[in-house]
Amino acid sequence: MSTIEPSVPSRSRQVKKLDRLHWPAIARLTVYGVRIGLRANALEFIDPLLSRIPSGFGTESSGPIDRLYSVIGDTKPRADEKRRDCNFHFANGRRLAGGTSWEDVCDSFEADLEVLVATRSRNALFIHAGAVSWKDKAIVIPGESHSGKTTLVQAFLELGATYYSDEFAVLDSEGQLHPFPRALRVRSNLAGKKISAAEFGVATGVAPAQVRLVILTRHVPGLRWRPKALSQGEAILGMIQNSLNAQRHPELALSALQRATDAAHVLGGTRGEAKDTARWAVQHLNR
Amino acid sequence: MRELKDELILYDTTMKRAHCLNDTAAAVWRLCDGRRNVREIAHVLEKDEELVWMALQELEDSGVLNRDVPQTIRSYGLSRRELVMKIGIGAAVALPMVSSILVPTASAAPSPPTKQSPRRVRR
């Protein structure tokens, strides 16, 4: 564990106030090229946070960081159940969670980190998309929130596909898809239940995969699946439209998308039930 | 700019827009060098002048030309349908097409919610 305090480009008044506290646990990491600093008021709080980072991360030794997370966990024993939770979470001095449960602090850390990495990554293109692989052939399902991505991912997993992500398709500059797995947020009820890929009895992808199928559709209840072949150019536009960091890094975006779609079939149109679409896609890839 | 098999992708870093030109539109765009007129472009491409005018209209509407086209297909009084009838149904697949999108900003990404405990009300 590094003992060097991670530096931020400009230290706000709030960050300086937090600097005065005691931080025995510090980590400096890179996640897809985004440099983060993480500090906690006790060693026991660092590992649970690191386990929330969806994909592999590297360690950094020096240099400025993009965001500093400061986490204050409640170290006092819970003798009194009525006492409020005293867990806090700050990002560059801004409070993201306060007076909440430890689980909420971990959730807020994970959510903020995901958006930070997806919008700031310098070496990977992040697209709002579900992603699975079938016999080492990656399937990418771009779409905004509530477009049915997770339902379609779930349908593929039930057929035995390998899980890569239900929120972000991550493409490197060579167009290879990388895993960004997290517990699926299934919206079967208002709360949105989290289900891990393991609960489906399927594997989570660990190696990059070549994209072979892009499904650019929208769900319309009651309709039959009528796939329409789209061109490579339409696929690229459709994926740019769902990207989070293409505007920041257009060269990376074009390079990644051109290579990703070079050998991929692209299907558009409207779809009905996810199970029918998934079954059709798997049969198509098996040919 | 990215050359695909039958298409061309243009990324406008100033306007933050991406465009996809089909084969015909891309061929006309490449010849828009400020020196050739429509007749010359049509001659090089071995296509009807009306088709070139239509491509220029598409390119102008999408904002990928840096100067306004002085005359358009509409000044001929021809609709897209009438042009297809004129040049032949078989040539319909060669009609120029430009698709454009606005590249989303990072702020379009969903913001993670903050989790705060409810404030106590002091009586």
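See the values below:
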read-out: Principal axis dimensions, chain A - Cα atoms, whole angstrom, descending; value: 61, 44, 27
read-out: Approximate shape of region A:115-175 as ellipsoid semi-axes (Cα gyration tensor, √5λ), whole Å, largest first; value: 21, 14, 7
read-out: Angle in degrees between helix A:149-158 and the longest Cα principal axis of chain A, rounded to the nearest 10; value: 70 degrees
read-out: Fraction of antiparallel bridges per DSSP, chain A only, in percent to nearest 5; value: 70 percent
read-out: Folded to 0 to 90 degrees: helix A:250-261 orientation relative to chain A principal axis, Cα; value: 40 degrees
read-out: HN-Hα J in Hz across region A:131-138 - Karplus 6.51, -1.76, 1.60, θ = phi - 60°, x for Gly and Pro; value: 8, 9, 10, 10, 6, 6, 10, 7
read-out: Burial order of peptide ranges A:265-275, A:117-127 (average beta-carbon count within 10 Å, highest first); value: A:117-127, A:265-275
read-out: Estimated dipole of region A:13-120 in Debye, rounded to 20 [Cβ of Lys and Arg +1, of Asp and Glu -1, Cα centre]; value: 600 debye
read-out: Within chain A, helix-based [θ] at 222 nm, where runs of 4 or more DSSP H residues each add -39,500 (n - 2.57), nearest 500; value: -8000 deg cm²/dmol
read-out: Placed amide H near A:A203: partners under 5 Å, 5+ positions off or other chain; value: A:Y163
read-out: Over 18 Å [Cα-Cα, region A:13-120], rounded percent; value: 47 percent
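Taken together, the values in this text are just the output of simple stated rules run on the coordinates, not laboratory data. Computed from a prediction, not measured in an experiment: that's the story for all the values here. We place every Cβ from the backbone using ideal geometry, glycine too, and count neighbours over all the protein chains shown.
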